[in-house]
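**Q** Just dropping this structure here.
What follows is calculated from the coordinates using simple rules that are stated; it is not laboratory data. Owing to the predicted nature of the structure, the values given are computational and were not obtained by experimental measurement. Here the Cβ positions follow ideal geometry from the backbone for every residue, glycine too, while neighbour counts run over all protein chains shown.
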Amino acid sequence: MFREVTIGDWFADLKSDSPAPGGGGVAAMSGANGIALIMMVANHTIGKEKYAEYEAGCISAIEECETLLQRMIDGIGNDKTAFEKVTCAYSLPRSTDEEKAERSRIIAEASVGAAEAPLAVMRDAVRGLELAKSLLGASNPNLASDIYVAALNLTCACRSAKYNVDANMSGIRRKDEALAESMASEAETLMTRMNELESGIL
């Protein structure tokens, strides 16, 4: 499981010729870094008398970020699992019409999962950006730069994940055109929101 690997193992696997982890996993990792930084800022704020007015907001942010962080970490492994299913689907035989039809069906199903994983990263990255913005001017001011770095990581996660959503659209359209359009539309909406938040933070 991904949670049990070391940083050294992660980079050894990432730089190898293995098809996964890849861009999707890196997107989720960037998101996890951003969320953890938000938590760091909040943790450096609570318990300090001169920042008492920010305490409730920071405690709330930490609680929500803990859930987001765990989902981002899971997202790293989810992306790898989903991509491996797509790879296996494309390797299926296609010598007969029946095999071609079955291969196409399995590719479509695998593509849905491969798009859902990065779409989840996008959702959580946008929520993370909302939390980062909420702490600007409402947390320890000595760590304002860390909020900016958190935001950069979260926008990176969102943008990167969007590429992986887009990459799977053609496969999903083989299964369900309406589903493909719905997922693509949600991704665009999330990008619009991300841009708004980015402008308000950086």
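**Q** Given contacts defined as C-alpha pairs under 8 Å and at least six residues apart, what's the relative contact order of the chain, whole-number percent?
**A** On the way: 276 pairs, mean separation 57.8, N = 202.
Worked out over the chain, it gives 29 percent.
**Q** Run through region 63-127 and list the trypsin sites (Lys or Arg not before Pro) located in a DSSP loop whose Cβ has at most 15 other Cβ atoms within 10 Å.
**A** Details: sites: ARG71, LYS80, LYS85, ARG94, LYS100, ARG103, ARG105, ARG123, ARG127; in loops: ARG94.
The qualifying sites are ARG94.
**Q** Considering region 87-181, what Rg and Dmax in Å follow from its alpha-carbon atoms?
**A** Just the Cα atoms of region 87-181 yield Rg and Dmax of 19.3, 66 Å.
**Q** Then there is this: So what are region 23-201's ellipsoid semi-axes, whole angstrom, largest first, if each one is the square root of 5 times an eigenvalue of the alpha-carbon gyration tensor?
**A** Values: eigenvalues 308, 40, 22 Å².
Calculated on Cα positions only, the semi-axes equal 39, 14, 11 Å.
**Q** While we're on this one: What is the distance, in nm, between label points placed 7 Å from the Cα along the Cα-to-Cβ direction at SER91 and at GLU53?
**A** 6.1
**Q** Related question: Give the shape of region 44-103 as rounded, prolate or oblate, defined through the alpha-carbon gyration tensor: a ≥ b ≥ c are the square roots of its eigenvalues, a/c under 1.5 means rounded, and otherwise the shape is prolate if a/b is larger than b/c and oblate if not. If you can, show how the numbers build up before the last one.
**A** Numbers: a/c = 10.09, a/b = 6.04, b/c = 1.67.
Cα axes put region 44-103 in the prolate bin.
**Q** Okay, next question. Given 5 Å bins starting at zero, what is the percent of C-alpha pairs of region 1-125 in each, up to the one with the largest pair distance?
**A** Each 5 Å bin holds this share of Cα pairs: 2, 11, 16, 15, 14, 12, 10, 7, 5, 3, 2, 1, 1, 0, 0.
**Q** Given a Förster radius of 25 Å and the C-beta distance between ASP13 and SER170 as r, what FRET efficiency does 1/(1 + (r/R0)^6) yield to the nearest 0.05? Spell out each step's value before the answer.
**A** Numbers: r = 27 Å, r/R0 = 1.09.
Computed FRET efficiency for ASP13 and SER170: 0.35.
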